[in-house]
1. Restricting things to alpha carbons, tell me how big region 80-220 is in terms of Rg and Dmax, in Å.
2. Past 26 Å, Cα to Cα: identify those pairs from Lys30/Lys106; Lys225/Lys247; Lys43/Lys142; Lys135/Lys270; Lys106/Lys270, in the order given.
3. Roughly what percent of Cα-Cα pairs across region 30-98 reach past 16 Å?
4. Rounded to the nearest 500 deg cm²/dmol, what is the calculated helix-only ellipticity per residue at 222 nm for the chain, with -39500 (n - 2.57) per DSSP H run of length n ≥ 4?
5. Please report, in debye to the nearest 20, how large the charge dipole of the chain is about its Cα centre when each Lys and Arg carries +1 at its beta carbon and each Asp and Glu carries -1 there.
6. Looking at the chain, identify the longest residue range that excludes and avoids all GluC sites (Glu not before Pro) in DSSP loops having at most 13 other Cβ atoms within 10 Å.
7. Among Tyr159, Leu137, Asn173, whose Cα sits farthest toward the positive end of the charge dipole of region 124-178 (+1 at Cβ of Lys/Arg, -1 at Cβ of Asp/Glu, about the Cα centre)?
8. Please identify the trypsin sites (Lys or Arg not before Pro) of region 13-116 that satisfy two criteria: DSSP loop assignment and at most 14 other Cβ atoms within 10 Å. Which are they?
Amino acid sequence: MNETEENRPDAKAPSFLLNDNPTLQELLLKPTTRDNAILNDQKIRRLYVQAASQQWFAPQRIDFTAPLGLTDEQRQVWIRLAGVFYTLEKMGLNVIMGMMGRAVRKFRSDELAYYLTEQAHDEGRHVFVIENYLKRLGAPPKFDRSLQILGQVTHTGFYQVENWLFSTLFSENFASSFLRRTRMATIDPIGAEMCKQLLVDESRHIHFLHIVLPDILDRLSLMGKTYLRASQGFMMHFTERVSRGLKDDAALVGIDRDALLEEVFENMEKSYHTLGLNPRFIPFAKIRNSSAIVH
Ligand SMILES: [Fe+2]
Ligand SMILES: [Fe+2]
């Protein structure tokens with residue numbers, strides 16, 4: 001998992017819950033037990049409490065009236081890059097709203113219901129923040145329908161709930177690496193603060209996947225795993241191809257698109273290792289070669 005001290009999910013958890021009050025800990029952190037629990041409800045509940053304590057209201061964290069200080073060319077680049085990010089986050093929001101009830105029923109977990117409402121809240125806030133950032137840049141957000149296939153691949157077909165959760169391992173890792181690099185790029189103070197705030201949430205989303213995916217993969221047949229592999233492989237190839245067209249834009253504001261993708265794939269390999277999956281589960285090498293050859 002790729003977490004710094006700053007954005008580790010429990011880094012900002014309220015001390016009154018986790019350190020100072022065992023009575024409250026016992027009361028709030030203990031899950032409703034089930035004899036045949038499928039997921040690790042204890043960990044999910046703890047993450048829910050952390051997620052609930054870390055909710056934030058965008059205008060209180062981000063000064064949307066701050067001066068941009070960008071050249072016109074830089075502003076146009078951020079309109080295009082933030083436009084793609086807006087579409088991806090909006091798709092993520094649509095998908096989580098459609099899938100959370102099904103996931104809760106499938107895994108019979110009340111704790112999952114608590115947690116997913118918080119994550120859906122996070123994604124709604126992300127869309128809201130990027131929408132206002134784009135308006136501030138002078139370009140009201142537009143949903144890019146050419147990217148819609150990504151959302152469809154992640155939760156249609158077979159093994160829909162498993163496919164959704166497994167595919168977010170890639171999208172959340174991609175979002176985290178993109179935000180980390182964007183924050184350090186030539187960007188205005190609104191965009192930089194936006195990235196900083198979103199990064200904390202996205203790191204928590206990755207943490208959630210590392211809690212639930214081992215149990216979900218454990219229950220899945222070989223055919224199911226093969227299906228997930230094909231779906232995620234498609235996502236990676238699609239992302240690699242679409243991001244080629246944004247390479248020059250990214251370079252203009254100091255983001256190295258190839259290094260970004262390389263970082264995402266490395267993080268995925270680490271995640272696969274943690275999950276006990278063969279790193280060759282997804283054809284990383286093929287993607288790297290194609291990105292090196294075709295531009
Ligand atoms: Fe998000
Ligand atoms: Fe997320």
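Nothing in this text is a laboratory measurement; each read-out follows from the coordinates by a stated rule. Computed from a predicted model, the values in this text were never measured in an experiment. In this analysis, Cβ positions are derived from the backbone assuming ideal geometry, glycine residues included, and neighbour counts consider all displayed protein chains.
1. Every Cα atom of region 80-220 included, Rg and Dmax give 15.4, 49 Å.
2. On the way: Lys30/Lys106 22 Å; Lys225/Lys247 32 Å; Lys43/Lys142 38 Å; Lys135/Lys270 37 Å; Lys106/Lys270 28 Å.
As for pairs spanning more than 26 Å Cα to Cα, those are Lys225/Lys247; Lys43/Lys142; Lys135/Lys270; Lys106/Lys270.
3. On the way: 1732 of 2346 pairs.
More than 16 Å apart: 74 percent of the Cα pairs in region 30-98.
4. Working: 13 runs with 214 residues, N = 295.
So the calculated ellipticity at 222 nm is -24000 deg cm²/dmol.
5. Working: 36 positive and 36 negative charges, 155 e Å.
Using Cβ point charges on Lys, Arg, Asp and Glu, the chain gives about 740 debye.
6. Working: sites that count: Glu5, Glu6.
That would be 7-295.
7. With unit charges placed on the Cβ atoms, the residue in question is Leu137.
8. Filter output for region 13-116: Arg34, Arg108.
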